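Novice: Can you keep this structure in mind? I'll have questions shortly.
The values are calculated or read from the model by the stated rules, or taken from the named source; none is laboratory data. This is a predicted model, so every value here is computed, not measured. Please note: Cβ atoms are built from the backbone with ideal geometry, for glycine as well, and neighbour counts cover all protein chains shown. SASA here: full protein model, heavy atoms, side chains in, ligands and nucleic acids out. Shrake-Rupley method; radii C 1.70, N 1.55, O 1.52, S 1.80 Å.
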Amino acid sequence: MMYKIFVILVSLLTIATVQSQVVIQGSVTNRSSNKSLPGAHIRIQNTFYTAIADSAGNFVLPGIRKGNYSLTCSFVGFKPITISSRFISDTTILFIMEESAILGEEVNIIATRVGENYPMAYTTLSSAKIEEANLGRDLPYVIQSTPSVIVTSDAGNGIGYTGLNIRGSDLTRINVTINGIPLNDAESQGVWFVDLPDLASSTENIQIQRGVGTSTNGAGAFGATINILTTEMNQDPYGELAASYGSFNSYKTTLKFGSGILESGLAVDGRLSYISSDGYIDRAFSKLKSFYVSGGYYGKKTTLKLVAFSGYERTYQAWEGVPQDSLSTARTYNPAGKYVDTTGQIQYYDNQTDNYQQDHYQLIFSQKLGTRWNINTALFLTNGKGYYENYKADETFAEYGLGDVIIGNDTIISTNLVNRKWLDNSYYGLTFSTGYAIPDKLKLIFGGGVSQYYGLHYGRVIWAQFASNGDNQRNWYENNGLKNDINIFAKATWEVMSMITLFADLQYRYVYYRMEGILDDLRPIDQIHTFNFFNPKTGIFFDFTKYLNGYISFGVGNREPSRNNYKDADINRIPASERLYDYELGATYKRNSWMAGVNVYYMDYRDQLVLTGEINNVGEAIMVNVPHSFRTGIEVSTGVNLWKKLQWDVTGTFSLNKIKNFTEYVDDYDSTWALTGQTDKFLGNTNLSFSPGIILGSILTYKPFKGVTASLHSKYIGKQYIDNTSSEDRFLHPYFVNNLVLGYQFRVKPFSEIGISLMINNLFSQYYETNAWIYRYNHEGRQYNMNGYFPQALINYMVGITLKI
């Protein structure tokens, strides 16, 4: 009887649900030609419903609940249209679109991005999402809510040196571009966002592709690709002043302005920023300055744009971390710059700082050729110069190529001194692409880039307690690196039938790298390396129903060793290039008020470079190729509109990250502290370091009134091993951190908008560390270690105000 009642109730509920739904359908046409626009994108705002116009320009959005909605229709090269109405019955809508008076800037980077029907895992952050999180912390904190992302901060509060990893890969293995132009340092392959402070304030949107991604310019993507588009032109003049202040005497001031598009088609946009913070860690201060300016001509079929942006940073070093045994008693302790003065008192050198300036220049040209062809090209130049300064106690003169000092009958072989290590580099080149499209059928892109990098590394002693046969203009070491990088790629998406789209992407990359000179330990470094890489990628995208789509893909990535890999290696054991085979399988299901997506990946690495404990001939740690390692996991993302004012977005990554047949090495010292060799131990399959098995993210957003937003951002990071041995003695504890973001936007003349925001980070004062290092050694039969951990700030805040005109 109860079963029958249950069936009747379910049937009645189903009938009621169906009766409360409507179908929105229609077509999209070009006003000037009256032709259909296949591929136009229709989206119902504040829901998960989207549709793509078919080959006849028609679209259908079925199963929509009755109610008030705003529909937006967009298409590259046309002005977007928004229609708001109350839908209580089946409705037909005709979108008649007008061509934009200017060529959209998204054309500039389309060659290195993926779109709706690409078989890849990706996330795109809009300018609104970026602005919400932009109160002074570095760019990694803006994208930390996306799947599989972990962020870390040396200073502990997100200002200064920050880093991130995606799927366990750090920024030396993540390809980063700005307007399609490489940002990764060509030699180290790393990215330091501290060199471009407040970049988020000049960012229109960011796309993060996880896995090997699509072909792009610059370094190989071994974990992800981050593609940044800077500020787009604004149709109207504007001005904006933003200021924020918070814990640890942190503050940010940003001035933005723009002329709008003038009748001549010219426009200028600009930004000035200053950020300062004392940092959570002792003396870990940051003083950061930057600017951004762009000017150009914007026509209906032509864009010519000059972009210049620059950043200067001065930060006190907080690279050494906090010793593990100090975490409970002196959590903010910073050993950098520590020395003992002549009275035996502990002091800290006040200029133990990092100082660097980086200047970027980009000249970007786009031309539309008819309705199907476009060409894009960009010239770029990046200059960087700076140093970090170190106080060194009891350094021998021989280490600096200097002679001993004779005072009377005494021979002095060591001294306290201050040195500076300099980097002076230039990186310039050309990127290009051309695209051809038959709407809703075929898209072809051909592109590539050519670049050259030159980096000069040298060191000087600027002060010594005892003077030797040198002066502060003498370089104790000097070496340089030259790198040429050429790549070409061809991409195609082909809709073979209404529900199946094929994707292919072929890239050839040539790398020439030359190093010469001597290192800071006076070893010669002369060597030349060349590489020829072929990186194919292919996949299938399935549009099963209006609600469900899926994909399967396979890609190959190759990556050359970095400068550090080469300079630290033994001359007779040169590291080899790495290769990645990336398999991805995903699906997305969207309904009116909720969506769910899943992506399964298997990243098979061959000859991945990892730390094993092995050392070179002078006792320094080296990275070595391990034959086989892998990362495999499942990424899930869900979103639900619990009711009109409350939305909940959840992401999760569950993974295994392993090295097969791993052997560890530990240094051995005798009673006189002479290095006698290494002890090796076979451990079998072990976990890759800094690769947690669980990453969970949640954003709960509540909008009680117009202009008022409250968001609770939560992140759980599982246990991370700090080396590759899987030892239970060496790991970062799991942590669960919550940040609260409050915002209120309103209008008061003469301002077009006033925004007030408050961000409370680590709301419940969780004690946690996000990074660490360790060095282990054996001494007279016992094992010891040195280590450094990077604790993050307890509860802290930033409050800001933005004035827009």
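Novice: How big is segment 250-374 by Rg and Dmax over its Cα atoms, in Å?
Specialist: Spelled out, the Cα radius of gyration and Dmax of segment 250-374 are 23.4, 79 Å.
Novice: So for L255, L646, what's the accessible-area order with a 1.4 Å probe, most first?
Specialist: L255, L646
Novice: Tell me the Kirkwood hydrodynamic radius of segment 162-203 in angstroms, computed as one over the mean inverse distance between distinct C-alpha pairs.
Specialist: 11.0 Å
Novice: A further question follows. Apply the Karplus curve 6.51 cos²θ - 1.76 cosθ + 1.60, θ = phi - 60°, to the phi angles in segment 501-515 and return the couplings in whole Hz, x for Gly and Pro.
Specialist: 10, 9, 10, 9, 8, 10, 9, 10, 9, 10, 10, 10, 9, 10, 10
Novice: May I ask for the net charge around S498, where only other residues with Cβ less than 10 Å from the Cβ of S498 are counted and Lys, Arg are +1 while Asp, Glu are -1?
Specialist: Charge balance in the 10 Å sphere: -4.
Novice: Using 0.36 nm times the number of residues separating Q357 and Y768, minus their current alpha carbon distance, what extension gain do you get?
Specialist: Working: separation 411, 0.36 × 411 = 147.96 nm, distance 3.18 nm.
Full-extension gain reported as 144.8 nm.
Novice: Write out the trypsin sites (Lys or Arg not before Pro) in segment 701-751 meeting two conditions: DSSP loop, and at most 14 other Cβ atoms within 10 Å of their Cβ.
Specialist: Hits after loop and neighbour filter: K706, K719, R747.
Novice: Please sort by residue number the GluC sites (Glu not before Pro) in segment 546-621 whose DSSP state is loop and whose Cβ has at most 14 other Cβ atoms within 10 Å. Present the calculation step by step, with values, prior to reporting the outcome.
Specialist: Working: sites: E578, E584, E614, E620; in loops: E620.
Passing sites in segment 546-621 are E620.
Novice: Next question. Rolling a 1.4 angstrom probe over the protein chains, ignoring ligands and nucleic acids, what is the accessible area of T302 in square angstrom, nearest 10?
Specialist: Around 40 Å² of this residue is reachable by solvent.
Novice: Find the accessible area per residue for segment 255-371; the probe is 1.4 Å, ligands and nucleic acids are left out, and the unit is Å². Kindly include the intermediate steps, with their values, before the conclusion.
Specialist: On the way: 5280 Å² over 117 residues.
Here the residues of segment 255-371 average 45 Å² of exposed surface.
Novice: In the neighborhood of A336, defined by Cβ-to-Cβ distances under 13 Å, what is the net charge if each Lys or Arg adds +1 and each Asp or Glu adds -1?
Specialist: -3
Novice: Please compute the modelled spin-label separation between A128 and I571, points set 7 Å along Cα→Cβ, answer in nm with one decimal.
Specialist: Those two pseudo-labels are separated by 6.2 nm.
Novice: So, one more: Provide E769, E313, E263, E399 ordered by accessible surface of protein heavy atoms (probe 1.4 Å), highest first.
Specialist: E263, E399, E769, E313
Novice: Looking at the chain, which longest stretch skips every one of the chymotrypsin sites (Phe, Trp or Tyr not before Pro) that is in a DSSP loop with at most 13 other Cβ atoms within 10 Å, leaving the sites themselves out?
Specialist: Excluding the exposed sites themselves, the longest stretch runs over 1-543.
Novice: If I compute solvent accessible area with a 1.4 Å probe over the protein chains, what percent of it on the chain is carbon and sulfur?
Specialist: 58 percent
Novice: Multiply the residue separation of I88 and Q324 by 0.36 nm, subtract the distance between their alpha-carbon atoms, and state the gained length in nm to one decimal.
Specialist: Once the chain is fully extended between I88 and Q324, it gains 78.6 nm.
Novice: Which of the trypsin sites (Lys or Arg not before Pro) across segment 23-76 are loop residues per DSSP, with 14 or fewer other Cβ within 10 Å?
Specialist: Passing sites in segment 23-76 are R31, K35, K66.
Novice: What residues from segment 778-805 fall in the zone where the backbone N is under 12 Å from a label point 7 Å along the Cα-to-C-beta line of I756?
Specialist: 800-802
Novice: Another one. Can you spot the lysines whose alpha carbon is less than 20 Å from K66's alpha carbon? Ignore those fewer than 8 places along the same chain.
Specialist: The qualifying lysines are K546, K590, K644, K645.
Novice: May I pose another question? Quick one: compute the contact order of segment 64-201, relative version, from alpha carbon pairs under 8 angstrom and 6+ residues apart, as a percent.
Specialist: 16 percent
Novice: In nanometres, what is the gap between the two model label sites at Y339 and R514, each 7 Å from Cα along Cα-to-Cβ?
Specialist: Taking the simple label geometry, Y339 and R514 are separated by 3.9 nm.
Novice: Can you compute the modelled spin-label distance between D670 and Y454, with each label point 7 Å from Cα toward Cβ, in nm?
Specialist: 4.9 nm
Novice: Treating cross-link reach as a plain straight distance, find the lysines whose alpha-carbon is under 30 Å from the alpha-carbon of K385, omitting any fewer than eight places away in the same chain.
Specialist: K252, K256, K287, K289, K305, K338, K421, K483, K567
Novice: So, R0 is 56 Å and r is the distance between the beta-carbons of T371 and R65; what FRET efficiency does that work out to, to 0.05?
Specialist: Plugging the Cβ-Cβ distance into 1/(1 + (r/R0)^6) gives 0.90.
Novice: When a/c is below 1.5 the answer is rounded, else prolate if a/b is larger than b/c, else oblate, so apply that to segment 641-702 with a ≥ b ≥ c taken from the square roots of the Cα gyration tensor eigenvalues. Could the numbers behind the result be given before it?
Specialist: Details: a/c = 11.70, a/b = 3.22, b/c = 3.63.
Oblate.
Novice: In square nanometres, what is one fourth of the surface area of the convex hull spanned by the alpha carbons of segment 483-594? Mind showing how you got there, number by number?
Specialist: Details: hull surface 42.1 nm².
The orientation-averaged projected area of the Cα hull of segment 483-594 comes to 10.5 nm².
Novice: Using the Kirkwood formula on the Cα atoms of segment 242-299, what hydrodynamic radius do you get, in angstrom to one decimal? Walk me through the numbers before you get to the answer.
Specialist: Working: mean 1/r = 0.0745 Å⁻¹.
Radius from the Kirkwood sum: 13.4 Å.
Novice: Within a Cβ distance under 11 Å of D440, other residues only, what is the Lys/Arg minus Asp/Glu net charge?
Specialist: Numbers: positive: K441, K443; negative: D54, E495.
Cβ neighbours under 11 Å give a net charge of 0.
Novice: Given axes a ≥ b ≥ c from the Cα gyration tensor, I'd like to know whether segment 151-301 is rounded (a/c under 1.5), prolate (a/b larger than b/c) or oblate.
Specialist: Taking the square roots of the gyration eigenvalues as a ≥ b ≥ c, segment 151-301 is oblate.
Novice: May I ask you to compute the full-extension gain from I540 to V496, defined as 0.36 nm times their residue separation minus their alpha-carbon distance, rounded to one decimal in nm?
Specialist: That works out to 14.8 nm of additional length.
Novice: Just round it to a whole percent: the fraction of Cα-Cα distances in segment 472-546 exceeding 15 Å.
Specialist: Here the tail beyond 15 Å accounts for 70 percent of pairs.
Novice: With a Förster radius of 35 Å, plug the Cβ-Cβ distance of D526 and T632 into 1/(1 + (r/R0)^6) and report the FRET value to the nearest 0.05.
Specialist: That pair, D526 with T632, gives E of 0.30.
Novice: What is the set of long-range amide H partners of L266 at a cut-off below 5 Å, with H atoms built 1.01 Å from backbone N?
Specialist: Y298
Novice: As I understand it, the value is the acute angle between the Cα axis of helix 2-19 and the longest principal axis of the Cα atoms of the chain; what does it come to in degrees, rounded to 10?
Specialist: 80 degrees
Novice: A further question on this structure: What FRET efficiency comes out for the pair E98/Y744, r = Cβ-Cβ distance, R0 = 35 Å, nearest 0.05?
Specialist: 0.50
Novice: Okay, next question. Averaged per residue, what accessible area in Å² does segment 529-608 show with a 1.4 Å probe, protein chains only?
Specialist: So segment 529-608 comes to 42 Å² accessible per residue, rounded to a whole number.
Novice: Using a Cα-Cα cut-off of under 17 Å, which aspartates and glutamates could be cross-linked to K301, ignoring same-chain neighbours fewer than 8 residues away?
Specialist: E98, E99, E105, E106, E232, E263
Novice: Relative contact order (percent) for segment 291-410, with alpha-carbon contacts under 8 angstrom and 6 or more residues of separation? It would help to have the intermediate numbers written out before the result.
Specialist: Values: 192 pairs, mean separation 29.6, N = 120.
Worked out over segment 291-410, it gives 25 percent.
Novice: While we're looking at this one, here's another question. How large is the convex hull of the Cα atoms of segment 686-754 per residue, expressed in Å³ as a whole number?
Specialist: Looking at segment 686-754, the number lands at 99 Å³ per residue.
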